[in-house]
Structure formats: C-alpha cells, structure tokens
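Chemist: If you scroll down you'll find the structure; I have some questions about it.
The values are calculated or read from the model by the stated rules, or taken from the named source; none is laboratory data. Not measured: the values here are computed from a predicted model. Here the Cβ is made from the backbone with ideal geometry for all residues, glycine too, and neighbour counts use every protein chain on show. Surface accessibility is based on the protein's heavy atoms, side chains included, excluding ligands, DNA and RNA. Shrake-Rupley method; radii C 1.70, N 1.55, O 1.52, S 1.80 Å.
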Amino acid sequence: EVLAALRGLPVLITAGPTREALDPVRCLTNHSSGKMGYALAQALTAAGAEVTLIAGPTALPRPALDQFVAVESALDMYAQVLARVAECAIFIAAAAVADYRPASPLPTKFKKHTADLTLHLTRNPDILADVAARIAPPFTVGFAAETVTTVEELADLATAKRLNKRLNMIAANRVGGDSGGFERDDNALLVLWDGGNHHLPLQSKTQLAAALTILIAERYALSTAS
Ligand code: C5P
C-alpha cells in the first residue's frame, strides 16, 4: 500500500495567510483560509506521518496535532520553518505567504494627515524556494494559484514555477471567477512533477488532501528508491 511510505515520516507543512504589520494595529494580509494546509496536515497524520503544521492566522479551530506552531508574519514563518526543516523528509508549502512587507513598521499607531499615503514595501524571503535550494533538501511540494483561463496556461505557469523553485511537485489551481481556491471549501488541482501530472477534479479540500497525499506518497517513495 502506497501510504505506507509515509508512516513515521517527519513532514513540515505551512498553511494560511501571513500578516505583515504596518503599525501595532494595522497589517497587510490576504484571503487565504488555511483550509488546504490544515486538510493536508490531517490527511498526512491519518497516513501515519509525524506532521508539524506552521500556520498564519486563520479562523479554523486549532488542529489536533502534537506539533502546531502559530505564526504571524512571513519572517516568523520563515524562522519557524528553518528551525525544523533539517529534520523533515517532506516539506509542503500551502501557505499564502505575503511577497512583501512594510519596509519599516511603525512602533506606535499611525496618525492620518495627508490626502494620499505611499507605502514602502520590502520583498519577503521565498520560504519554499530557500528550502528547495538547500544542500540536502526534503521532498518539496508547492502550490500555485494563478489567474489564467485555460488549463494549458495553468500547466505552463506551474511548470515554470516548479523548475524555478526546484520543486519535486507543484499543485496548481486557477483563481478568480468561480474557479475555486481561496476562501472556499472545494477546489480542483492540477498536480505536476518531473515527467508526469495528474488532474484532481473539483472536490472538497478534505477529499483533495487525501488524493494529494497519495500522489505525494508515490512520488516520495520513488525519489528515495533511486
Ligand atoms: O511564487 P508563488 O508565491 O506563486 O509561489 C507559491 C508557492 O511558494 C506556495 O507553495 C507558497 O507557499 C510558497 N511561497 C513561500 N514563501 C513565499 C512565497 C511563496 O513559501 N514568500
């Protein structure tokens, strides 16, 4: 049985959005619900993996996991991932990490005055790309949410992302319109790896997580066999 490859394996998963502080009361964030990452944590735990979930702020109940780490910002998430990545066999980046953060968050609440305001933002580290660029990287799984219209465009963008970030596997979905994804309970995924792909049609994120876990187990087992 393919899931046996996951039994006892240390797996690190990121989930949810990040919050980038502007001042003590304001932040930049996004609409990630955290549902996909939480569902994956559950599916991999059910398969016998030793899951650590590192999650940004979500409205979801705290999962029944021994290893759960709550974070706020991308830099927090980065630090918590780096502290644990050396021990993990599989890294799944399901978090919607903010690409930029306010360059200098204010120590006290900002007071309005001018009619316009310009924000200066700084790039955040790419957690997944940095993990995949390690000398001995874990098996890496990324996500790609793209505003494209055709599945061919989605496959091209996701493949480029997989190659650029040097990932073992990427799970791509279309966003915008009514194509599933963010803030929803269901989604469809196109899963791509070196030499293959598999389409997972629209279904609940719980079902998707179970199906994706099987694909991960298969590819992971092959990656360690050679
Ligand atoms: O490049 P893009 O943001 O579309 O890549 C998405 C993938 O990279 C997701 O798996 C996401 O979790 C991960 N990522 C990350 N750190 C970032 C940006 C994205 O781990 N700063």
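Chemist: Return a whole-number percent for the relative contact order of the chain, with Cα pairs under 8 Å and 6 or more residues apart as the contact set.
Modeler: RCO, the chain: 21 percent.
Chemist: Relative contact order of region 72-166, please, whole-number percent, based on alpha carbon pairs below 8 angstrom and at least 6 residues apart.
Modeler: 34 percent
Chemist: For the chain, what does -39500 (n - 2.57) per DSSP helix run (n ≥ 4), summed and divided by total residues, give at 222 nm, in deg cm²/dmol to the nearest 500?
Modeler: After summing the helix terms and dividing by residue count, I get -9000 deg cm²/dmol.
Chemist: Starting from the Cα of Ala83, step 7 Å along the direction of its Cβ; do the same at Thr114; then give the gap between the two resulting points in nm.
Modeler: Rounded to a tenth, the inter-label distance reads 3.8 nm.
Chemist: Could I ask something else about it? Take the Cα pairs of the chain, get the Kirkwood Rh, then feed it into Stokes-Einstein at 20 °C and 1.002 mPa s and tell me D in µm²/s.
Modeler: Roughly 118 µm²/s, to the nearest whole number.
Chemist: So, in nm, how far is label Asp194 from label Tyr100 when the simple model puts each one 7 Å beyond its Cα toward the Cβ?
Modeler: 3.5 nm
Chemist: Which whole-angstrom value gives the distance between the alpha carbon centres of region 1-56 and region 97-162?
Modeler: Region 1-56 and region 97-162 have Cα centres separated by 17 Å.
Chemist: On C-alpha positions alone, give me the angle between the axis of helix 35-46 and the longest principal axis of the chain, in degrees, nearest 10.
Modeler: 40 degrees
Chemist: Can I ask one more? Per residue, how much accessible surface does region 38-88 expose to a 1.4 Å probe? Answer in Å², no decimals.
Modeler: Here the per-residue accessible area is 48 Å².
Chemist: Whole number in Å², please: accessible area per residue of region 99-203, 1.4 Å probe, ligands, DNA and RNA not counted.
Modeler: 62 Å²
Chemist: So for the chain, taking the charge dipole from beta-carbon charges (+1 Lys/Arg, -1 Asp/Glu), which of Asn168, Thr52, Ala115 sits furthest toward the positive end?
Modeler: Ala115
Chemist: Tell me which chymotrypsin sites (Phe, Trp or Tyr not before Pro) from region 110-185 have a DSSP coil assignment and no more than 14 other beta carbons within 10 Å of their own.
Modeler: The qualifying sites are Phe110.
Chemist: May I pose another question? Which sequence of Arg162, Arg101 reflects their accessible areas, 1.4 Å probe, from the largest down?
Modeler: If we order Arg162, Arg101 from most to least accessible, we get Arg101, Arg162.
Chemist: What FRET efficiency, computed as 1/(1 + (r/R0)^6) with R0 = 45 Å and r the Cβ-Cβ distance, is obtained for Val25 and Asp156, rounded to the nearest 0.05?
Modeler: 0.60
Chemist: Additional query: Keeping the other protein chains in place, figure out the carbon and sulfur percent of the accessible area of region 1-122, with a 1.4 Å probe.
Modeler: After summing per-atom areas, the C and S share lands at 54 percent.
Chemist: In nm, give the distance between the simple-model label positions of Leu222 and Arg184, each being 7 Å from the Cα along the Cα-to-Cβ direction.
Modeler: If labels sit at Leu222 and Arg184, their model points lie 2.9 nm apart.
Chemist: For the chain, give the magnitude of the charge dipole about the Cα centre (Cβ charges: +1 Lys/Arg, -1 Asp/Glu; no others), in debye to the nearest 20.
Modeler: 520 debye
Chemist: How many percent of all Cα-Cα pairs in region 57-169 sit more than 17 Å apart?
Modeler: Here the tail beyond 17 Å accounts for 67 percent of pairs.
Chemist: List the aspartates and glutamates whose alpha-carbon lies under 18 Å from that of Lys161, not counting same-chain residues fewer than 8 positions away?
Modeler: Partners within reach: Asp99, Asp126, Asp130, Glu146, Glu152, Glu153, Asp194.
Chemist: Roughly how much of Glu72 is accessible, in Å² to the nearest 10, using a 1.4 Å probe?
Modeler: Glu72 exposes around 90 Å² with every protein chain in place.
Chemist: Compute the long axis of helix 151-165 from its Cα atoms, compare it with the longest principal axis of the Cα atoms of the chain, and write down the angle in degrees, 0 to 90, nearest 10.
Modeler: Tilt relative to the chain: about 80 degrees.
Chemist: Still on this structure: Looking at the chain, send over the antiparallel percent of its DSSP beta bridges, to the nearest 5.
Modeler: Looking only at bridges with both residues in the chain, the antiparallel portion is about 40 percent.
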